[in-house]
There are 2 protein chains.
Amino acid sequence: MQVNEARFLSDLHALRQFGASGVGKGVVRRAFSEADLAAREWLADRIAGAGLAPHFDPVGNLFGLAPGKSLLIGSHSDTQPEGGWLDGALGVIAGLEIARAAAEAGGPPISVVSFQDEEGRFGVTTGSDIWSGKLSLAEADLFTDTDGVTLAEARQTVTGQAGEFLSHDRFSGFLEMHIEQGPWLDQSSERIGVVSDIVGIRDMRITFEGRQNHAGTTPMHLRQDAFQALSAFNTKLLDRFANVVTPATVWTIGHVSLHPNASSVVPGRVTFSMQWRDADLDRLGRMEQIIREVSDEIAGDHGVKAELSPVLGIDPSAMDDRIQAAFKQAAEEAAPGSWRSMPSGALHDAANMAAVMPVGMLFVPSIGGISHAFDEDTDESDLLLGLQVLARAARLL
Amino acid sequence: MQVNEARFLSDLHALRQFGASGVGKGVVRRAFSEADLAAREWLADRIAGAGLAPHFDPVGNLFGLAPGKSLLIGSHSDTQPEGGWLDGALGVIAGLEIARAAAEAGGPPISVVSFQDEEGRFGVTTGSDIWSGKLSLAEADLFTDTDGVTLAEARQTVTGQAGEFLSHDRFSGFLEMHIEQGPWLDQSSERIGVVSDIVGIRDMRITFEGRQNHAGTTPMHLRQDAFQALSAFNTKLLDRFANVVTPATVWTIGHVSLHPNASSVVPGRVTFSMQWRDADLDRLGRMEQIIREVSDEIAGDHGVKAELSPVLGIDPSAMDDRIQAAFKQAAEEAAPGSWRSMPSGALHDAANMAAVMPVGMLFVPSIGGISHAFDEDTDESDLLLGLQVLARAARLL
């Protein structure tokens, strides 16, 4: 089979017209929006034109099916409220082109998929969550977007075209190409990332309850200042984590809510988010242990009460060894010495698929590491290289 | 003259019926509320009954005037949204009792005052701000409360009874008794504080602008995390302030606003309040210098842009030496060895009066250091001791 680069680029640019933001190549195409539904209709037509069978499942995942058991290639075509043109669209159109080229060549059998609501208008990776069995449709139907619309309401618009959920057995594996969304490849001038693992995420909420007091009459040594407790917690954590983390480990305090949040009042309470990500399950656990120890120490040192919420999260997903080997061979052939093996710090549909079939992921560089923004972009030569590596790997598999 | 302790306590308890919260002795008596206006009517009656002339000025400050040039004693009778029964009410009723006792004894001439809106429904110490000339009535009339009501609208309810602003020359000095609102006297079992200075306050708003980014794909070493910048700023400030401050110096980061304040996003911006208080003008300036230096260092270390608002504030007010001496003598006579000289960390009407006449302040203990709360209280024996010290000092002056 021979992929057609011009046709691939033409389809990729055609897709970004659905929900074009008018700012650079930016796209606004939330799951189940008019733009998203129109894009899926267009994609279903392109699938049919490629000699594949379009199939919508009940949550709106769109497949282009080759006959018999096939390899599945794809990603998602919905976007963030202010999205880039590539993100998931790149992996969908690459899947379309490879499945089309394979159909033209009379094999191997390759199918394509565009998952629904990967960007989390309702849940997180909602479409692949449900198809993989991680989440039931009944549970997900109760999820609401920020305007209070439920998933059940949103998917009424597509029930007319929806068929059954497909059996996982129909597919021999899942390949997803995606922009990196981070700076590693761009900064090192490497052109392909072969994903080793999708990192696990741990999320919790911590509250320090001190004593609210007059900011003029309460001496420093008698304060039980919740903000000071948070600052000391953060500082101590930086120090303790140093012995445990790798350069790929990340952690974030991204949400802080101070009470009463007034300049003349010693803060009596703070609630904040604590999120950490790593590809190693054991390391995630050791970090949690440190967080608990440091919270206890801060509670003692600062006279505050520490309350820790249950820890939520998604476990790391290792990518399939055989698929990784095929990606590495294909990358080395197409771009000798210009690729690396790397974890994915972002969550992807591939993490759900890993629970039900062999999975592999491929990254191309994000210019400046930018994503989820109108100015997200990747050099055209890198897009084409990604397509070629993905097609080579599909042939090898 | 001889003060009547029973009459003083009776009036003090009578006043707390106006706006009684129903929770302990707590009071809800915001400036210009029904409860506040009724309390002022009652107070005007008690003033008239004491043989003094009631006088409302245009902003609602209520005086009880002795004939000729007199010493002025008082405080304020409005409260916080959830106020204690003593706070300013104590100083007003002590002033009433001493002025009444002096009138009964045929001298010395002593007047009483209850300032309006000390607790800042509209401004801060609004009534004494305006009378002292620090703020014009026209400017203040535009101030709004949290419901959008202007001071101009609120004081329409009292314009019928309002006379002129009084000349400051009418008064030889101003004495204010107040609860300490802090823990120093209560913790040391001392019963009287002679205020040396009312501390100055400096307030500013600092913004660190970093770069908002994906919390999964952005490595730690490439982040420009605004929260991390704030935490490092706070930690460094603690260290640098150590060489400059005294045990009476206080500083507070009480308001923090993080953007976009989401657990999965590296915070791109934080705006926070920085407030510091000290009785020494030079020290306030040195602290500001340190804040500016540390902001610059953090901006460099964390790749954020620091923006510092103009510094607002109130300068420290030294209390009059002759009045302090009279208070000390009276305190030593009434409670030998059980008093101390101390700064006031809270702002009071006396700070405004210090600009236009000799001023002195006296503190009695706050149980547990609690104020601006329904459970604010002081031992009755300390209330009576305060009254006696204030009366002795008035006689000495």
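The values are calculated or read from the model by the stated rules, or taken from the named source; none is laboratory data. Being a predicted model, the structure only gives us computed values, none of them experimental. Note that each Cβ is placed from the backbone with ideal geometry, even for glycine, and that neighbours are counted across all protein chains shown.
Pull up segment B:197-217, narrow it to residues that are of a type in the set (D, E, K, R) and closer than 30 Å to B:Val359 by Cβ, then point me to the one that is nearest to the chain's Cα centre (by Cα). Restricting to residues being of a type in the set (D, E, K, R) and closer than 30 Å to B:Val359 by Cβ, the top hit is B:Asp197. Based on what the data block shows, is A:Asp379 at pLDDT below 95, within 28 Å of B:Ser264 (Cα to Cα) and surrounded by fewer than 19 Cβ atoms within 10 Å (Cβ to Cβ)? It is false that A:Asp379 is at pLDDT below 95, within 28 Å of B:Ser264 (Cα to Cα) and surrounded by fewer than 19 Cβ atoms within 10 Å (Cβ to Cβ).
For segment A:301-313, check the following and say yes or no: at least one residue is within 11 Å of chain B (Cβ to nearest Cβ) and modelled with pLDDT under 95. Yes, the conditions are met somewhere in segment A:301-313. Only residues that are away from chain B (no Cβ under 14 Å) and buried (at least 20 other Cβ atoms within 10 Å of the Cβ) were counted in segment A:351-373, giving 6. The number of residues in segment A:233-264 that are touching a Leu at 6+ places or on another chain (Cβ under 9 Å) and among the hydrophobic types (A, V, I, L, M, F, W, C) comes to 4. With the requirement that a residue be part of a loop (DSSP other than H, G, I, E, B) and either in contact with a Pro (Cβ under 6 Å, 6 or more places away or on another chain) or more than 7 Å from chain A (Cβ to nearest Cβ) (or both), what does segment B:264-284 give you? Across segment B:264-284, the qualifying residues are B:Gly268, B:Ala279, B:Asp280. Screening the candidates B:Met287, B:Met204 for the property of being more than 8 Å from every other protein chain (Cβ to nearest Cβ) and in a strand (DSSP E or B) yields one hit, B:Met204. Of everything in segment A:240-253, what is buried (at least 17 other Cβ atoms within 10 Å of the Cβ), part of a loop (DSSP other than H, G, I, E, B) and modelled with pLDDT of 95 or more? Give them in sequence order. A:Val245, A:Thr249, A:Ile253 - these are the residues of segment A:240-253 that are buried (at least 17 other Cβ atoms within 10 Å of the Cβ), part of a loop (DSSP other than H, G, I, E, B) and modelled with pLDDT of 95 or more. Within segment B:218-237, the set of residues being part of a loop (DSSP other than H, G, I, E, B) and either under 37 Å from the mean Cα position of the chain (by Cα) or more than 7 Å from chain A (Cβ to nearest Cβ) (or both) comprises B:Arg223, B:Asp225.
Listed here are the residues, each with its yes/no results for (1) farther than 26 Å from A:Lys25 by Cβ; (2) part of a loop (DSSP other than H, G, I, E, B).
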position	(1), (2)
A:Ala89	no, no
A:Glu118	no, yes
A:Ser128	no, no
A:Glu153	yes, no
A:Gln156	yes, no
A:Thr159	yes, no
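Is segment A:347-356 home to any residue that is within 30 Å of A:Lys236 (Cα to Cα) and out of contact with any Phe, Trp or Tyr (no Cβ under 9 Å at 6 or more places or on another chain)? Yes: one or more hits.
Yes/no matrix, rows are residues, columns are (1) closer than 30 Å to B:Gly182 by Cα; (2) in contact with a strand residue (DSSP E or B) (Cβ under 7 Å, 6 or more places away or on another chain):
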| position | (1), (2) |
| --- | --- |
| B:Thr218 | no, yes |
| B:Ala226 | no, yes |
| B:Phe233 | yes, no |
| B:Thr246 | yes, no |
| B:Ser263 | no, yes |
| B:Gln275 | yes, yes |
| B:Asp278 | yes, yes |
| B:Gly285 | yes, no |
| B:Leu312 | yes, yes |
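Residues satisfying the criterion are absent from segment B:181-189 (criterion: surrounded by fewer than 24 Cβ atoms within 10 Å (Cβ to Cβ), under 27 Å from B:Leu72 (Cβ atoms) and more than 13 Å from chain A (Cβ to nearest Cβ)). The condition of being surrounded by 16 or more Cβ atoms within 10 Å (Cβ to Cβ), more than 7 Å from chain A (Cβ to nearest Cβ) and modelled with pLDDT under 95 holds for only one of B:Asn261, B:Asn213, that being B:Asn213.
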